[in-house]
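The values are calculated or read from the model by the stated rules, or taken from the named source; none is laboratory data. What you see is a predicted model; the values in this text were computed from it and never measured. Backbone-built Cβ (ideal geometry, glycine too); neighbour counts: all protein chains shown.
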Amino acid sequence: MIGRRKRGDQSGSIPPSTVPGPSVTAAGARSVATADGLGLVMTGDGAVGTQVAHAVVLPAEACASPSSVVCPAGLSNLVDRVSLFVGREEELGQLDVALADPGNVVVQAVHGLGGVGKSTLAARWAATRTSMHNPVWWITADSPAALDAGLAGLAAALQPALTDVLGQEALRERAVQWLAAHHGWLLVLDDLAEPADIKALLARATTGRFLITSRRATGWHGIAKPVALGVLDPSEAVDLFTQILTHDGLRVSDGADEVCAELGYLPLAVEQAAAYCAETGTSPRGYLDLLAQYPAELYAGTAEGGDPRRTIARIWHVTLDRLADDPLTGQILRTLAWYASDDIPRTLLHHLAEPPALQRAIGRLAAHSMLTFDADTGDLSVHRLVQALARTAAPRDPHRELQSIEQARSLAIATLSDAFPADTQAPASWPISRVLLPHVEALTSHAQSLPDVDTASLLERMGLFLHGQGAVDRAIAPLHRALTSCSWVLGEDHPYTLASRNNLAGAYESAGDLGRAVPLYERTLADQVRVLGGDHPDTLSSRNNLAGAYESAGDLGQAIPLYGRTLNDCVRVLGEDHPYTLASRNNLAGAYESAGDLG
């Protein structure tokens, strides 16, 4: 459709998606795109607007100020991460002292090695102090997308009626405004990748408590009070190992202390080793014998808290050997490795096997602590280190062969591409898009090798969704990558490449970067005239887009003639009553109005 405010979409989108297009909306607030076509909204005294076919009617709750929204008593989304918890009394005491500071915002960051138990410590502290805070809200913050999704989830929990009617960016903003206006809340930001990612949030939400976990040991100056978390004391590690085995009714024989020492007292490794012994009936000394069969370099430094990937890699290999009678378990891990670490819908695995076999394999992996699942939603979580190993090829490791990893990557891309909605503008699709967005972001960040059309399609739809949700700055990078991939794989003149260039130009224009938007629009129009012809709908759309960019830049001398030509071509090609023609006439009228030519 031709219009002025949804110029981002065009037909000829990248398969297998069908990106709406051509889509170019009318200037200013004068037109809006709807599910059935274009509705014109005229402003000014006495103006009469045309009827919009479909509109989202906001409930009364959306009009309430966030400061007036009362949090339900005991609001919390904490999951049970602390059923088996040992030691850490000193660290818990440090958090008590720090987070009891009578000042305004208090930010405490727990950092340390992967698998050292940062999340467990934070969950323990938060779960045992829920009476002191409301709400207590847990957010996975390993990417900006995940952080925004967590904040949007808080807003939805505070006002459920807004879930399906506000975009993610609006929900996120509402959550931040609520936090800024209330006291007594606690936000746990888990696995924060970069301290800088939360500076803007901390600057606005200054009346509550933040508890952060991160692998980053540096970069906290001026942001948070850091607490370094080391490995468990030997007695605590043995206690943890023993609790897991006795929980399953097994008697612990000699060798538990040796296993813990071999694993460097790293909590995650201790838990996985104990889970393996409990699941398979292997004794601690038998477990040590299995570990002895692997290269000596995998043991280097573990007792002193060395690289946790080596320890995790060893456990991962041993566990997968035991599960080798069911190859599906390895396929599941290699596929999950490409998504975000938490809240992975099981539907993203449905191509792997029939439901009974799939559920059985997931259950076995959970029993070996290779993944966890939410008892209510069924969503899966996999530790980031396990994911990193599962998508990294290793020589002489049958579970990490390059061909198997590449196959898993291709399947992950295809499955996510099928699941991510093609119509990024339809409100009904937003909840699904929000759930899948962190996984698209993770997959496309991991898949940085040779470009391909399927990945480009996901990048394009992610960028269009973010653009439509108002997150323009975040939309530009995936749209740029999509264009680069299309140009490389399909060529500069392919219709998908031309559509992708138009979409990137639209994002730049929305971001106010007309210095980049205008040249892209000009090049797209010239190429579409040459490749598709001057009367092709995409060409008409591009000409309208360029005229709109000229108008946004204040260059009415170029905008008005271009709008006029577009209108004439629409009348000639499509007819007087076509929606594109009506929108084009409206755009030209708006440009005359901007020029002061009310005649």
Across the stretch 350-382, the tally of residues that are in a helix (DSSP H, G or I) and either without any contact (Cβ under 8 Å) to a residue 40 or more places away in the chain or assigned by TED's automatic domain parsing to the domain that holds Gln272 (or both) stands at 10
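Quick grid of which residues meet (1) surrounded by fewer than 22 Cβ atoms within 10 Å (Cβ to Cβ); (2) within 17 Å of Ala123 (Cβ to Cβ); (3) not acidic (Asp, Glu):
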{"position": "Val165", "(1), (2), (3)": "yes, no, yes"}
{"position": "Gln168", "(1), (2), (3)": "no, no, yes"}
{"position": "Glu173", "(1), (2), (3)": "yes, no, no"}
{"position": "Ala180", "(1), (2), (3)": "yes, no, yes"}
{"position": "Leu187", "(1), (2), (3)": "no, yes, yes"}
{"position": "Asp197", "(1), (2), (3)": "yes, no, no"}
{"position": "Ala203", "(1), (2), (3)": "yes, no, yes"}
{"position": "Thr206", "(1), (2), (3)": "yes, no, yes"}
{"position": "Leu211", "(1), (2), (3)": "no, yes, yes"}
**Prompt:** Does Ala161 satisfy the criteria of being more than 30 Å from Gln387 (Cα to Cα), aliphatic (A, V, I, L, M), surrounded by fewer than 17 Cβ atoms within 10 Å (Cβ to Cβ) and modelled with pLDDT of 90 or more?
**Reply:** no
Flagged pairs (Cβ under 8 angstrom, 6 or more apart or on separate chains; first in the stretch 547-565, more than 13 Å from Leu525 (Cα to Cα) and without any contact (Cβ under 8 Å) to a residue 40 or more places away in the chain; second basic (Lys, Arg) and crowded, with 23+ Cβ neighbours inside 10 Å) are Arg565/Arg543
Scanning the stretch 532-563 for residues that are among the hydrophobic types (A, V, I, L, M, F, W, C) and closer than 19 Å to Leu504 by Cα, the one surrounded by the most Cβ atoms within 10 Å (Cβ to Cβ) turns out to be Ala547
Scanning the stretch 131-182 for residues that are acidic (Asp, Glu), over 15 Å from the mean Cα position of the chain (by Cα) and assigned to a helix (DSSP H, G or I) gives Glu173
| Right, Ala388: touching a strand residue (DSSP E or B) at 6+ places or on another chain (Cβ under 7 Å), at negative phi and in a helix (DSSP H, G or I) or not? | no
When every residue in the stretch 352-367 that is modelled with pLDDT under 90 and closer than 25 Å to Ala393 by Cβ is compared, the one surrounded by the most Cβ atoms within 10 Å (Cβ to Cβ) is Leu365
Note on the stretch 442-466: residues surrounded by 24 or more Cβ atoms within 10 Å (Cβ to Cβ), within 15 Å of Tyr339 (Cβ to Cβ) and not hydrophobic (A, V, I, L, M, F, W, C) are Thr455
Being at pLDDT 90 or above and touching a Phe, Trp or Tyr at 6+ places or on another chain (Cβ under 6 Å) narrows Leu556, Leu588 down to just Leu588
If we keep only residues of the stretch 515-526 that are surrounded by 20 or more Cβ atoms within 10 Å (Cβ to Cβ) and in contact (Cβ under 8 Å) with a residue 24 or more places away in the chain, then the residue nearest to Glu492 (Cα to Cα) is Thr524
Considering residues that are aliphatic (A, V, I, L, M) and touching a Leu at 6+ places or on another chain (Cβ under 8 Å), the number found within the stretch 438-455 is 3
Item checked: Condition met for Asp148 (in contact (Cβ under 8 Å) with a residue 12 or more places away in the chain, crowded, with 18+ Cβ neighbours inside 10 Å and farther than 16 Å from Leu211 by Cα) -> yes
Within the stretch 196-221, the residues that are among the small types (Gly, Ala, Ser) and under 14 Å from Val106 (Cβ atoms) are Ala205, Gly208
Of the conditions (1) more than 23 Å from the chain's Cα centre (by Cα); (2) more than 27 Å from Gly554 (Cβ to Cβ); (3) polar (S, T, N, Q), the single one that Asn502 does not satisfy is (2)
